1. Towards the positive end of the charge dipole of segment 68-172, with charges on Cβ (+1 Lys, Arg; -1 Asp, Glu), say which of Ser70, Trp123, Gly111 has the farthest Cα.
2. Tell me the angle of helix 234-244 to the major Cα principal axis of the chain, expressed in degrees between 0 and 90 and rounded to the nearest ten.
3. How far apart, in nm, are the 7 Å Cα→Cβ label points at Glu136 and Asp205?
4. Can you check how the C-alpha radius of gyration of the chain compares to 2.2 N^0.38 Å, as a plain ratio?
5. What residues from segment 252-271 fall in the zone where the backbone N is under 18 Å from a label point 7 Å along the Cα-to-C-beta line of Ala280?
6. Label point 7 Å out from Tyr46 along Cα-to-Cβ: which residues of segment 218-258 have amide N under 15 Å?
7. What is the gain in length, in nm to one decimal, between Glu329 and Thr11 on full extension, counting 0.36 nm per residue of separation less the C-alpha to C-alpha distance?
8. For the chain, what does -39500 (n - 2.57) per DSSP helix run (n ≥ 4), summed and divided by total residues, give at 222 nm, in deg cm²/dmol to the nearest 500?
Amino acid sequence: MTAKREDSPETKCIHAGAGDFPAPFGLNTPIVTSSAFDYRADPVRYPRYHNTLNHDLVAARLAALEGGESGLVTASGLGALSAIFLGLMQPGDHAILLDGLYGGTTDLVEGLLKPLGLCFSVWNGDPELLEALITEHTRLVHVESPTNPLLGIVDLSRVADIARRHGLISVIDNTFASPVLQRPIEFGFDLVMHSATKYLGGHSDLLSGAVIGSTALIDRVRPTAIRLGSSLNGQDLALLERSLKTVAVRVRQQSLNAGELATRLDRQERIVQVFYPGLAHHPGHERARIQMDGFGGMLSFRLAPELDPNAFLDRLGLIQPAVSLGGVESTICQPSQTSHSRLAPAERVRLGIDDRLMRLSVGLEAIDDVWDDLRHALQAC
Ligand SMILES: Cc1ncc(COP(=O)(O)O)c(C=O)c1O
């Protein structure tokens with residue numbers, strides 16, 4: 001889908017929602033640090049209500065980038081997910097979750113939502129099998145695409161269509177793609193959420209999350225976000241606004257870099273498998289070509305059995321072993337030890353998440369420098 005020039009992500013991420021502030025403020029948004037406001041105003045403003053000047057601006061920019069009516073900025077991605085599930089479901093309600101989600105989402109479901117009486121089924125991603133999981137109690141379908149860490153791709157139009165026909169709310173975690181590369185609302189999704197800690201923040205110095213959708217749905221999620229206390233502070237909102245100005249150029253370049261690295265890694269004998277939707281042999285390649293504007297900056301690969309994962313990590317110099325992802329610096333992690341460490345060991349085995357699986361978040365360094373680092377570590381271990 002080609003956007004009009006003024007509608008392009010590059011322009012929106014700099015200008016959408018920007019306020020017209022008095023001249024002494026200059027070009028940048030003032031940072032509101034107040035936690036006390038006149039209670040006789042309408043609306044009553046308070047940072048936990050997500051309605052300070054900085055909240056409004058960042059939420060409007062994210063809504064414009066995702067093509068939604070409204071947005072809500074939270075203190076973390078998990079804060080956004082918690083507000084969605086707890087705001088839209090009652091005890092006894094049922095939701096369908098894509099298999100192989102980010103481990104923290106699975107942990108939220110197992111450790112908090114199920115004990116509160118919410119019910120879940122796991123869907124394997126085959127659109128033909130989705131309808132069979134819907135019951136009279138189903139309220140919501142939640143997916144990721146690409147998934148963390150195996151880069152699975154879901155057919156967005158099919159999921160949104162099935163959800164709409166059955167009166168379900170379709171939710172997607174768009175963290176890996178970012179709105180620069182994928183705008184699920186264009187394919188019919190109701191709600192998009194982000195760990196804004198990742199590409200939207202982009203510099204590994206900020207924890208935040210976001211939910212975007214229709215005003216009606218955001219108005220249903222907001223009261224729960226307020227009750228959970230998962231609001232972002234003014235300083236971090238300003239940091240997020242600044243990061244959003246460069247998200248389009250960052251993510252497009254990271255996506256190009258990741259594509260090149262995936263191709264080179266795919267030819268390495270000491271790597272058993274490369275997971276990247278830009279590779280022609282990836283099972284979701286054709287679908288990703290249709291629904292994404294680039295294949296993203298994340299890739300995973302599995303080391304050959306003879307390689308010791310710790311020796312490989314120790315021999316990297318430029319690429320930092322680290323949790324999280326989406327920063328300007330390339331980072332690597334074993335999902336078995338990080339994002340999916342709280343899963344039961346048998347569940348990790350079932351998903352194919354073992355210690356030899358490496359998740360690489362490709363940064364903005366010169367591609368040959370990152371490649372030399374990987375090649376050297378593969379040869380030396
Ligand atoms: C895909 C995905 N969704 C959600 C989250 C949770 O976000 P946060 O750590 O900002 O709470 C993460 C964190 O790694 C993630 O990778």
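1. The listed residue farthest towards the positive side: Ser70.
2. The helix 234-244 is inclined about 60 degrees to the chain.
3. 5.6
4. Taking N as the residue count of the chain, the ratio is 0.98.
5. Output list for this probe position: 259-268.
6. Output list for this probe position: 223-232.
7. Fully extending the segment from Glu329 to Thr11 adds 112.1 nm.
8. Calculated from helices alone, the mean residue ellipticity at 222 nm is -10500 deg cm²/dmol.
The values are calculated or read from the model by the stated rules, or taken from the named source; none is laboratory data. Everything quoted here is computed from the prediction, not taken from an experiment. Cβ sites come from the backbone with ideal geometry, for glycine too, and all protein chains shown count toward neighbours. Please note that ligands, DNA and RNA were not included when accessible areas were found on the heavy atoms of the full protein model with its side chains. Shrake-Rupley method; radii C 1.70, N 1.55, O 1.52, S 1.80 Å.
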